[in-house]
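The values are calculated or read from the model by the stated rules, or taken from the named source; none is laboratory data. As the structure is a prediction and not an experimental result, all values here were calculated from the model. FYI the Cβ positions are ideal-geometry reconstructions off the backbone, even for glycines, and counts take in every protein chain you see.
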């Protein structure tokens, strides 16, 4: 097993009847980095995470988390000691109080950080004796996050962590994530919020209909992906979209846009051969990459 | 701390059951005190028998309610992700839940009987320890089958209301159906001592049915194991 | 020192940090011996991955502009020739200001002006070698 990877999957597949919720996924999540998992609703992100944690069974394929096989229940139980997970639901035991669930969680993990617990309790303003069922959704989310961030696990898996949080809390959450990585924690989080992902992610994995479409370092995307817009005096000529480095070609009236994923200047040189009236090269934000990738699929 | 969680989860149900069952005992003692001696021994025994039938019924319903919950229920309320991501095996989760439930059911079975015993002795009523032991053992030992059935239903059926309804339904159906066709196998009659009742003295007589108990405990154990297997194979 | 980062630009964030630090040194905002925040502190302040800060500091160190001392932190290294470059940079900044103000007066928008500069610099930026 590769020690560099916190999560590694091989052809991980989950089938529900005729549908492939997750299709032959080969995921690589390196240690000590922030890897973001982007995808539409129903793309298979939560299912993947559940398979990693042994919550949902695997149809075929397999993988390892922190060097331990996810398909083996005994190893999966072991790896969960070193993983902190915040589920999408963020629901907690309604019959417990804030203080009871903290005590409960603390007792099950060796990596508890009492200082972090105290700090977060104060920062989130969580009343220790209050029953969880009477907490607002935002408070519950914060409590769920506290249970994860009061630990120093090897891997932190967050499923839509900022959902239900106000902007100030989101900022605090991102700072916590970043602080955890600075402490050596690997962070793997799924999100819809492209802006957040763009700020803190080192790597981005885009999942659509169960398949991994993009698995790249965010800096590489920033450096390499370019949108080349060509304007012509006459209707533009046809361009072979399967040329290397071109992900997509779109024509609208007398304009053509190309999405170049690598060697943008080589592509631009090729484009010059088409004798455009003007050529414009602009960077591509993650939102655009996501939308283009997913629409095309 | 899994025990702590299981306790917190069930303590309201436990407390409510204990209070209700002890109240029934209170009623028994109250009625017993109004009886006239010297004929009261048979009347007393009859009263005891009828009371324990109520006690048994309430105990069974309480045990069924106690058996509800668990990971499958947690799926409905959304906390199954949290529980299943804990570094504990599903076997351990389910075993702790079952054990705590068994202990609680035994407690709210035995405590009311001990209360009857204590108060009756104080009031010098002709309560025989052997009879109490007989009733209590049948109730808890035989009744565990109902608890086990409830646990199994709660792991198979999703949804709190559906599983409760089905479990209670099963209790009644088996009691009624078995009575018409397989009277000898009617668990209700076993648990309330009906098979061992002497209709003249209204006392439970004969040897204690060890074999019957063993069979009950065996069936309960099988159902617990079945619930474990269901949990192991389930996706959440 | 205040850093303005744009995560959607076509520029890795670490290189934006590098450029802004370089610019700050060139204009004298950061001086020789100034202490930059630790990786964790800066990461949380900017809300970026610590790996980004590490890459930025590493690049600056390679460029000879930063000295990372174990246990104390990252110190700016600004040689004399860099300091005199500050004068040049300030003068150049003034010329850019005149040009940009002129273009704005002619009715060009911020974005258009950005694009013109970017197009001019495009080949330079995209040819930047990877670490």
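Does residue B:65 satisfy the condition of being more than 30 Å from residue A:76 (Cα to Cα) and either in a helix (DSSP H, G or I) or within 14 Å of chain A (Cβ to nearest Cβ) (or both)?
yes
Of all residues in region B:1-38, how many are closer than 26 Å to residue B:117 by Cα and either part of a helix (DSSP H, G or I) or touching a strand residue (DSSP E or B) at 6+ places or on another chain (Cβ under 9 Å) (or both)? So that I can check it myself, show each step before the final result.
At the first step, the residues of region B:1-38 found to be closer than 26 Å to residue B:117 by Cα are B:11-38.
So of that shortlist, the ones also either part of a helix (DSSP H, G or I) or touching a strand residue (DSSP E or B) at 6+ places or on another chain (Cβ under 9 Å) (or both) come out as B:11-33.
Residues that pass the stated criteria total 23.
Regarding residue A:184, is this residue in the same structural domain as residue A:94 (by TED's automatic domain parsing), out of contact with any strand residue (DSSP E or B) (no Cβ under 8 Å at 6 or more places or on another chain) and not in a helix (DSSP H, G or I)? Can you show your working first?
Values: in the same structural domain as residue A:94 (by TED's automatic domain parsing): yes; out of contact with any strand residue (DSSP E or B) (no Cβ under 8 Å at 6 or more places or on another chain): yes; not in a helix (DSSP H, G or I): yes.
Yes.
Looking only at region A:55-72, decide whether some residue is crowded, with 21+ Cβ neighbours inside 10 Å and out of contact with any helix residue (DSSP H, G or I) (no Cβ under 8 Å at 6 or more places or on another chain).
Checked against the condition, which is being crowded, with 21+ Cβ neighbours inside 10 Å and out of contact with any helix residue (DSSP H, G or I) (no Cβ under 8 Å at 6 or more places or on another chain), region A:55-72 yields at least one hit.
List the residue pairs whose Cβ atoms are under 8 Å apart, where the first residue sits in region C:43-69 and is within 9 Å of chain A (Cβ to nearest Cβ), the second is part of a strand (DSSP E or B) and surrounded by fewer than 23 Cβ atoms within 10 Å (Cβ to Cβ), and the two are 6 or more positions apart or on different chains.
Every condition considered, no pair remains.
When the residues of region B:163-184 are narrowed to those that are without any contact (Cβ under 8 Å) to a residue 24 or more places away in the chain and surrounded by 13 or more Cβ atoms within 10 Å (Cβ to Cβ), which ends up farthest from residue B:94 (Cα to Cα)?
To start, the set of residues in region B:163-184 that are without any contact (Cβ under 8 Å) to a residue 24 or more places away in the chain comprises B:165-166, B:169-170, B:172-184.
The next check asks that each one be surrounded by 13 or more Cβ atoms within 10 Å (Cβ to Cβ); those that pass are B:165-166, B:170, B:174-175, B:178-179.
Values: B:165: 22, B:166: 20, B:170: 22, B:174: 26, B:175: 27, B:178: 30, B:179: 32 Å.
The residue in question is B:179.
Collect the residues in region C:1-21 that are away from every other protein chain (no Cβ under 14 Å) and touching a helix residue (DSSP H, G or I) at 6+ places or on another chain (Cβ under 8 Å), keeping them in residue-number order.
Within region C:1-21, the subset away from every other protein chain (no Cβ under 14 Å) is C:1-2, C:20-21.
C:1, C:21 - these are the residues of region C:1-21 that are away from every other protein chain (no Cβ under 14 Å) and touching a helix residue (DSSP H, G or I) at 6+ places or on another chain (Cβ under 8 Å).
Can you tell me which residue is farthest from the chain's Cα centre (by Cα) among those in region A:273-297 that are within 30 Å of residue A:195 (Cβ to Cβ), surrounded by 15 or more Cβ atoms within 10 Å (Cβ to Cβ) and more than 13 Å from chain C (Cβ to nearest Cβ)?
Among those that are within 30 Å of residue A:195 (Cβ to Cβ), surrounded by 15 or more Cβ atoms within 10 Å (Cβ to Cβ) and more than 13 Å from chain C (Cβ to nearest Cβ), it is A:292.
If residue B:196 meets every condition in (1) in contact with a strand residue (DSSP E or B) (Cβ under 7 Å, 6 or more places away or on another chain); (2) within 14 Å of chain A (Cβ to nearest Cβ) apart from one, which number is that one?
Every condition holds for residue B:196 apart from (2).
Given the conditions (1) more than 30 Å from residue A:181 (Cα to Cα); (2) within 17 Å of the chain's Cα centre (by Cα); (3) modelled with pLDDT of 80 or more, which single one is not true for residue C:106?
Evaluating residue C:106 over (1) more than 30 Å from residue A:181 (Cα to Cα); (2) within 17 Å of the chain's Cα centre (by Cα); (3) modelled with pLDDT of 80 or more leaves (2) as the failure.
Quick check: is even one residue across region A:244-259 under 30 Å from residue A:19 (Cβ atoms) and in a loop (DSSP other than H, G, I, E, B)?
No, region A:244-259 contains no residue that is under 30 Å from residue A:19 (Cβ atoms) and in a loop (DSSP other than H, G, I, E, B).
Residues that are more than 9 Å from chain B (Cβ to nearest Cβ) and without any contact (Cβ under 8 Å) to a residue 60 or more places away in the chain: find the helices (runs of 4 or more DSSP H) completely inside region A:1-112 holding 3 or more of those. So that I can check it myself, show each step before the final result.
On the way: elements: A:45-52, A:73-79, A:98-108.
In region A:1-112, the matching helices (runs of 4 or more DSSP H) lie at A:98-108.
One line per residue, one yes/no per condition, for (1) within 25 Å of residue A:90 (Cα to Cα); (2) assigned to a strand (DSSP E or B); (3) in the same structural domain as residue A:282 (by TED's automatic domain parsing):
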residue	(1), (2), (3)
A:168	yes, no, no
A:173	yes, no, no
A:176	yes, no, no
A:190	yes, yes, no
A:195	yes, no, no
A:198	yes, no, no
A:206	yes, yes, no
A:230	no, yes, yes
A:235	no, no, yes
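Among the listed residues B:129, B:139, which satisfies the condition of being at negative phi, surrounded by 18 or more Cβ atoms within 10 Å (Cβ to Cβ) and modelled with pLDDT under 95? If you could, list the steps in order and put the result at the bottom.
On the way: B:129 fails: surrounded by 18 or more Cβ atoms within 10 Å (Cβ to Cβ).
Just a single option satisfies the conditions, and that option is B:139.
Within region A:178-220, work out how many residues are in contact with a helix residue (DSSP H, G or I) (Cβ under 6 Å, 6 or more places away or on another chain), within 14 Å of chain C (Cβ to nearest Cβ) and farther than 23 Å from residue C:10 by Cα.
So the count comes out to 4.
Of the residues A:259, A:213, A:270, which is more than 30 Å from the chain's Cα centre (by Cα) and in contact (Cβ under 8 Å) with a residue 24 or more places away in the chain?
Result of the check over A:259, A:213, A:270: A:270.
I'm told residue C:31 meets every condition in (1) closer than 30 Å to residue A:287 by Cβ; (2) in contact (Cβ under 8 Å) with a residue 12 or more places away in the chain; (3) outside any helix (DSSP H, G or I) except one. Can you identify the failing condition by its number?
The number of the failed condition is (1).
Restricted to region B:205-236, and to residues that are surrounded by 15 or more Cβ atoms within 10 Å (Cβ to Cβ) and within 14 Å of chain A (Cβ to nearest Cβ), which residue is nearest to residue B:147 (Cα to Cα)?
The extreme case among them is B:228.
Quick one: would you say residue B:63 is surrounded by 21 or more Cβ atoms within 10 Å (Cβ to Cβ) and in contact (Cβ under 8 Å) with a residue 24 or more places away in the chain? If you could, list the steps in order and put the result at the bottom.
Values: surrounded by 21 or more Cβ atoms within 10 Å (Cβ to Cβ): yes; in contact (Cβ under 8 Å) with a residue 24 or more places away in the chain: yes.
Spelling it out, residue B:63 is indeed surrounded by 21 or more Cβ atoms within 10 Å (Cβ to Cβ) and in contact (Cβ under 8 Å) with a residue 24 or more places away in the chain.
Being touching a residue at least 60 places away in the same chain (Cβ under 8 Å) and either exposed (fewer than 13 other Cβ atoms within 10 Å of the Cβ) or away from every other protein chain (no Cβ under 14 Å) (or both) is true for just one of B:33, B:47. Which residue is that?
Details: B:47 fails: touching a residue at least 60 places away in the same chain (Cβ under 8 Å).
Selected residue: B:33, the only one of B:33, B:47 that is touching a residue at least 60 places away in the same chain (Cβ under 8 Å) and either exposed (fewer than 13 other Cβ atoms within 10 Å of the Cβ) or away from every other protein chain (no Cβ under 14 Å) (or both).
Identify the residue in region C:22-42 that is in contact with a helix residue (DSSP H, G or I) (Cβ under 6 Å, 6 or more places away or on another chain) and within 14 Å of another protein chain (Cβ to nearest Cβ) and, among all such residues, is surrounded by the fewest Cβ atoms within 10 Å (Cβ to Cβ).
Top of the filtered list is C:40.
I need the full set of residues from region B:189-222 which are within 15 Å of the chain's Cα centre (by Cα) and in contact (Cβ under 8 Å) with a residue 12 or more places away in the chain, in order please. Quick ask: steps written out before the conclusion?
Taking region B:189-222 and keeping what is within 15 Å of the chain's Cα centre (by Cα), we get B:189-193, B:213, B:216-217, B:219-221.
Scanning region B:189-222 gives B:190, B:191, B:192, B:193, B:213, B:216, B:217, B:219, B:220, B:221.
Return the residues of region B:130-142 that are free of Cβ contacts under 8 Å to residues at least 24 places away in the same chain and over 15 Å from residue B:202 (Cα atoms); say none if nothing qualifies.
Narrowing region B:130-142 to residues free of Cβ contacts under 8 Å to residues at least 24 places away in the same chain: B:130, B:132-133.
B:133 - this is the single residue of region B:130-142 that is free of Cβ contacts under 8 Å to residues at least 24 places away in the same chain and over 15 Å from residue B:202 (Cα atoms).
Quick one: would you say residue B:101 is over 26 Å from residue B:192 (Cβ atoms) and either within 16 Å of the chain's Cα centre (by Cα) or surrounded by fewer than 17 Cβ atoms within 10 Å (Cβ to Cβ) (or both)?
Details: over 26 Å from residue B:192 (Cβ atoms): no; either within 16 Å of the chain's Cα centre (by Cα) or surrounded by fewer than 17 Cβ atoms within 10 Å (Cβ to Cβ) (or both): yes.
Against the criterion (over 26 Å from residue B:192 (Cβ atoms) and either within 16 Å of the chain's Cα centre (by Cα) or surrounded by fewer than 17 Cβ atoms within 10 Å (Cβ to Cβ) (or both)), residue B:101 does not qualify.
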